[in-house]
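Student: Before anything else, here's the structure in question.
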Amino acid sequence: MGEPVKQHDASELAAGYTAQHRTYEICGIIVALASSGWLIARIVKCPPLSGWWMPLAALVGILLSDFISGFVHWMFDSWGNLDTPVFGRLAIRTFRHHHVDQKAITTHDFIETNGHNISLTTIYSVSGLLTLRSIETATLFDVFVCQSLVCATLFTAFTSQIHKWAHQDKPSGVVALLQRARLILAPEHHAAHHAAPYNRNYCITVGWMNGPLRAVRFFETLERTITAITGIVPREDDLGADAAFEVASENGALDDADEKKALATRD
Ligand SMILES: [Zn+2]
Ligand SMILES: [Zn+2]
């Protein structure tokens, strides 16, 4: 990459973590714990509770949480800015800050690290509760879906914690063992995300989905489609206009007309 990357100021981004934001995270954690506890209590009452398919349900849950971590990460890394309604201050700021200061996450306490992700798991629990509206008529498939969602809840809840461990200089022995076994995100795998051209390895729970998504050019195709429709260049707010334009060009996200249009506006 030849163009210089232009990012936001780290201390300004860090100052965006306000008391109100923390209160929202604490409330989110309470709601998430209550809803996931309620879902587990309903699953336990279902007759087709366990079987050979339970490890498969767990695997589906892990892959789902890894995919969601990548999709949400890609969305907030690539689009919008600090002034984007609702998400700008609530989510995009955190992603910008992490790219400017990768080590800051290792100094965050439990709530600042995990509040967002734990809160988000409420979506899984509510989906599970809607699936299990009636325990009497619940099918094996319903229970399978709900057990997958419980597993996804666990992994999504601790995705930021796992991501934090990947940035720690000396994680504990157990964590290092899990990283080496690739049962959680490995630091060297995640390092590719923070290196030019800054558009790889978005999945940060276990990282297993990064290979398949790259093989089918999942995010590249989405970027090309969004840029073709809107003309917006991905990662412009994160990398600065010039570097983002260069990455998009290399990705084939800009067709000839887009390139000419973008070049014209830059001249
Ligand atoms: Zn990122
Ligand atoms: Zn990172």
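Student: Please list, by residue number, everything in segment 51-95 whose backbone N is under 17 Å from a paramagnetic label point 7 Å out along Cα→Cβ of GLN20.
Tutor: Inside the label zone: 82-94.
Student: Right, another one. Which semi-axes, in whole Å and largest first, does the equivalent ellipsoid of the chain have when worked out from the alpha carbon gyration tensor as the square roots of 5 times its eigenvalues?
Tutor: Value: 35, 21, 19 Å, ordered largest first.
Student: Same structure again: Specify the inter-centroid distance of segment 87-160 and segment 24-57, based on alpha-carbon positions, in whole Å.
Tutor: After rounding, the separation between the Cα centres reads 12 Å.
Student: Quick one: accessible surface of ASP83, probe radius 1.4 Å, all protein chains present, in square angstrom to the nearest 10.
Tutor: 120
Student: Can you send over the carbon and sulfur percentage of the accessible area for the chain, probe radius 1.4 Å, protein chains only?
Tutor: 66
Student: I need the peptides 167-175, 224-232, 148-156 ranked by packing, meaning the mean over residues of other C-beta atoms within 10 angstrom, with the highest value on top.
Tutor: In decreasing order of mean packing, 167-175, 224-232, 148-156 become 148-156, 224-232, 167-175.
Student: Just need the relative contact order of segment 10-170 here, percent rounded to a whole number, with Cα pairs under 8 Å and 6+ apart.
Tutor: 41
Student: What does the C-alpha gyration tensor say about the overall shape of segment 23-107? Classify as rounded when a/c is under 1.5, otherwise prolate if a/b is larger than b/c, or oblate.
Tutor: Judged from the Cα gyration tensor, segment 23-107 comes out prolate (a/c at least 1.5, a/b above b/c).
Student: Please work out whether segment 194-246 counts as rounded, prolate or oblate from its C-alpha gyration tensor, where a ≥ b ≥ c are the square roots of the eigenvalues and a/c under 1.5 means rounded, while otherwise a/b larger than b/c means prolate and anything else oblate?
Tutor: Numbers: a/c = 2.64, a/b = 1.43, b/c = 1.85.
The shape class here is oblate.
Student: Whole number in Å², please: accessible area per residue of the chain, 1.4 Å probe, ligands, DNA and RNA not counted.
Tutor: For the chain, the per-residue accessible area is 50 Å².
Student: Applying 1/(1 + (r/R0)^6) with R0 = 45 Å to the Cβ-Cβ distance of ILE232 and LEU183, what FRET efficiency is obtained, to the nearest 0.05?
Tutor: Here the calculated transfer efficiency is 0.75.
Student: Another question about this same structure. Using 7 Å Cα-to-Cβ label points, what is the ALA195/GLU12 separation (nm, one decimal)?
Tutor: 3.0
Student: Placing unit charges on C-beta atoms (Lys and Arg positive, Asp and Glu negative, everything else neutral), compute the dipole magnitude of the chain about its Cα centre in debye, rounded to 20.
Tutor: Value, rounded to 20: 1000 debye.
The values are calculated or read from the model by the stated rules, or taken from the named source; none is laboratory data. Given the structure is predicted, the values throughout are model-derived calculations rather than measurements. All Cβ positions, glycine included, derive from the backbone under ideal geometry; neighbour counts span all protein chains shown. Just so you know, the surface numbers come from the protein's heavy atoms only, side chains and all, with ligands and any DNA or RNA stripped out. Shrake-Rupley method; radii C 1.70, N 1.55, O 1.52, S 1.80 Å.
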